[in-house]
Amino acid sequence: MKEYTVWMALLDFVPVILFGIASVILQRALYPRMSKGAFALFAAGTIDIICAGSLKALYKLLYALKICDFEVLSDLFFPVQSIGFLLAGLGVVAMITHKQGEKLYSVAPAVFSGTMIFVVLITIGTIMLEGGLMVLAARKKSAVAVVLFVISLICLLGMGYISSRDFAVGYWNWIAEGINIVGQAAFLIAAIKLKGLLS
């Protein structure tokens, strides 16, 4: 039996909302600076991440309210989020490494079974997304934004370790919630700072 509470489930929506706001800010700020292909990757990726987080939070809320144990919502989280981070990361890397008039091509990954592919995708995508935004912030000479993106990256990668713990136990969920909120708050503040520099 999982130790989810309604309060824990509602708190799970906080990092999703923080990331969602940051994503909209970045989409608006980066749209004029990205090719259509790079922006499509970035926008699709961030939307995937928001959907994945929302589904996981909804699963916890339904479980905590004793409405149902809809495992599919929980199971979708990891693959959808990992693909989202990869797409968003590819979009940002394309923006900073390619002249934004060139055609960019993306290829769908082969179908794999098991979760290791998702671990690899989410790690690579997270590093590309946060790393690319760090490069952009560094080019605008904003040490504060760079540090905030570093904090966000550390928190997101730390979530990888924590997700290997037993999430049926309540205290691991609370630890994960705290780290995720700190990471997403840092991401949001960095996005606001970066948008101001790009305006």
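In region 1-14, how many are part of a helix (DSSP H, G or I) and among the aromatic types (Phe, Trp, Tyr)?
Matching residues across region 1-14 total 2.
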**Prompt:** For Ile17, are the conditions met, namely being under 17 Å from the mean Cα position of the chain (by Cα), part of a helix (DSSP H, G or I) and surrounded by fewer than 18 Cβ atoms within 10 Å (Cβ to Cβ)?
**Reply:** yes
**Request:** Of all residues in region 25-42, count the ones that are out of contact with any His (no Cβ under 8 Å at 6 or more places or on another chain), assigned to a helix (DSSP H, G or I) and crowded, with 20+ Cβ neighbours inside 10 Å.
**Result:** 4
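Here is a yes/no grid of residues against (1) crowded, with 22+ Cβ neighbours inside 10 Å; (2) within 13 Å of the chain's Cα centre (by Cα):
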position: Ile47; (1), (2): no, yes
position: Cys51; (1), (2): no, yes
position: Ala57; (1), (2): yes, no
position: Leu76; (1), (2): no, no
**Message:** Being under 28 Å from Lys60 (Cα atoms) and without any contact (Cβ under 8 Å) to a residue 60 or more places away in the chain is the filter here; which residues of region 24-45 pass it?
**Reply:** Val24, Phe42, Ala43, Ala44
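Being small (Gly, Ala, Ser) and at pLDDT 90 or above is the filter here; which residues of region 131-164 pass it?
Within region 131-164, Gly131, Gly132, Ala137, Ala138, Ser142, Ala143, Ala145, Ser152 meet the criteria.
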**Request:** Report, ordered by the first and then the second residue, all pairs with beta carbons closer than 9 Å, sequence separation of six or more or different chains, a first member in region 49-72 that is over 21 Å from Asn180 (Cα atoms), and a second member that is assigned to a loop (DSSP other than H, G, I, E, B) and at pLDDT below 90.
**Result:** Asp69/Lys2
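In this structure, does Gly132 turn out to be part of a helix (DSSP H, G or I), farther than 20 Å from Leu90 by Cα and among the small types (Gly, Ala, Ser)?
No; evaluated as a whole, the condition is false for this residue.
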**Asked** Do we find that Ile17 is among the β-branched types (Val, Ile, Thr) and touching a helix residue (DSSP H, G or I) at 6+ places or on another chain (Cβ under 6 Å) in this structure?
**Response** no
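The values are calculated or read from the model by the stated rules, or taken from the named source; none is laboratory data. Since we're looking at a predicted model, the values are computed, not measured. Neighbour counts run over all protein chains shown; Cβ positions are idealised from the backbone, glycine included.
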